[in-house]
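See below for the structure under consideration.
The values are calculated or read from the model by the stated rules, or taken from the named source; none is laboratory data. Everything numeric here is computed off the predicted structure, so don't read it as measured data. A quick note on method: Cβ atoms are made from the backbone with ideal geometry, for glycine too, and the neighbour counts reach across all protein chains shown.
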Amino acid sequence: MINPPTLVKTELTRLDSSFDEIVAPGTAAERLADGFSFVEGPVWLPAVTDTRYGGGGSGGYLLFSDPNKNVIHRWNPSNGEVSIFRTKSGYTGVGGVNIGEYHQPGSNGLTLDPQGRLTICEHGNRRVTRLEPNGTITVLADRFEGKRLNSPNDLVYRSDGTLYFTDPPYGLPKTFDDPAKELSVSGVYCLHDGVLSQVVSDLAGPNGLAFSPDEKFLYVDNWDVHRKVVMRYAVATDGSLSDPTTLIDLTSIPGEICLDGLKVDSRGDIFVSAPGGIRVFSGEGKPLGVIGLPELPANFAFGDEDGKSLYCTARTGLYKLRLGVSGLRAPGR
């Protein structure tokens with residue numbers, strides 16, 4: 001662990017002049033903590049929310065998942081300390097599968113619902129849950145048409161409380177070939193008015209997802225070496241999706257690294273964890289620039305009270321980069 005934060009080498013590649021408005025030239029990221037094996041799914045809990053989970057009301061803080069260790073960490077900006085927020089965050093041991101068989105049994109994606117309640121993608125338990133302020137768990141989704149979900153990966157709420165999440169099998173011990181896998185596809189799901197629907201079924205590895213600022217579009221990226229794309233879908237009031245469009249295609253970039261985390265800022269720019277770093281695109285898919293950190297972030301979240309800090313979870317470290325624009329954050333802020 002690192003305390004105080006340490007400035008790290010940060011490579012900013014400008015592909016369009018507007019990138020300077022997103023990240024000022026010469027800006028360097030800070031390494032806030034390290035020593036992890038693999039961290040994921042960060043979410044910022046603002047000061048108005050943090051008292052619900054024992055934050056003390058002294059200001060906001062960051063939560064992030066450690067899927068390998070099966071815990072959720074809390075990073076406190078007031079003292080720079082990392083502590084355990086929740087154990088058995090993604091696998092409780094129920095079901096007869098030894099935790100040692102899992103590559104990543106813990107939680108992955110984290111977000112807040114419009115009421116500020118923490119919602120969790122649980123790999124090992126193969127479900128999406130909500131952590132209530134009193135510490136109890138409410139299961140939001142664990143089956144589709146009677147079959148167990150694969151291993152929910154990431155999630156996002158619409159402002160009306162409609163929940164979308166991706167469900168590739170990467171949390172299962174043998175991923176696509178796992179004998180316990182019950183669903184034939186890696187789907188994107190929508191939970192609207194208590195009804196779970198499969199809204200995307202043709203992506204091999206749906207992963208990160210986020211809304212455009214006006215919520216007219218949902219963006220979903222794909223962890224697939226053969227199809228490294230960000231898809232755009234038109235969103236209907238009832239939660240259904242239409243007009244699938246390949247907005248960004250990075251398949252021509254060689255290597256095994258695919259697309260992971262995805263977020264959108266208040267201007268509508270799209271941030272994607274991709275080969276080479278965090279790639280930033282306009283809402284129309286135009287490349288704007290690349291943010292290169294010492295490690296490739298798996299995911300990231302906008303935080304601090306002004307929403308202008310990008311918190312990045314990479315393999316071994318937690319990083320923070322100050323931006324010139326604020327991000328779209330989980331609605332419970």
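Annotations
- The strands (runs of 3 or more DSSP E) found entirely in segment 227-306 that carry 2 or more residues being over 28 Å from residue 195 (Cβ atoms) are 241-249, 270-274, 277-281, 287-292, 299-303.
- Of the residues contained in segment 113-131, one or more are found to be farther than 25 Å from residue 311 by Cβ and either surrounded by fewer than 24 Cβ atoms within 10 Å (Cβ to Cβ) or under 15 Å from the mean Cα position of the chain (by Cα) (or both).
- Hey, residue 167 more than 23 Å from residue 266 (Cα to Cα), surrounded by fewer than 21 Cβ atoms within 10 Å (Cβ to Cβ) and touching a Pro at 6+ places or on another chain (Cβ under 9 Å) or not: no
- Test: residue in segment 214-221 that is among the acidic types (Asp, Glu), out of contact with any Pro (no Cβ under 6 Å at 6 or more places or on another chain) and assigned to a strand (DSSP E or B): yes
- Hits in segment 120-148 (condition: acidic (Asp, Glu) and either farther than 22 Å from residue 71 by Cα or not in a loop (DSSP other than H, G, I, E, B) (or both)): 122, 145
- Listed by position, the strands (runs of 3 or more DSSP E) contained in segment 149-192 that have at least 3 residues being in contact with an Asp or Glu (Cβ under 8 Å, 6 or more places away or on another chain) are 163-167, 187-192.
- Residue list for segment 152-164, filter: buried (at least 24 other Cβ atoms within 10 Å of the Cβ) and either under 16 Å from residue 219 (Cα atoms) or more than 12 Å from the chain's Cα centre (by Cα) (or both): 153, 154, 155, 156, 164
- In summary, residue 136 fulfils each of the numbered conditions (1) in contact with an Asp or Glu (Cβ under 8 Å, 6 or more places away or on another chain); (2) hydroxyl-bearing (Ser, Thr, Tyr); (3) modelled with pLDDT of 95 or more with the single exception of condition (1).
Each row is one residue, and each column tells you yes or no for (1) surrounded by fewer than 20 Cβ atoms within 10 Å (Cβ to Cβ); (2) closer than 26 Å to residue 284 by Cβ; (3) among the β-branched types (Val, Ile, Thr); (4) in contact (Cβ under 8 Å) with a residue 12 or more places away in the chain.
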| position | (1), (2), (3), (4) |
| --- | --- |
| 174 | yes, no, no, no |
| 185 | yes, no, yes, yes |
| 190 | no, yes, no, yes |
| 206 | no, yes, no, yes |
| 228 | no, yes, no, yes |
| 239 | no, yes, no, yes |
| 249 | yes, yes, no, yes |
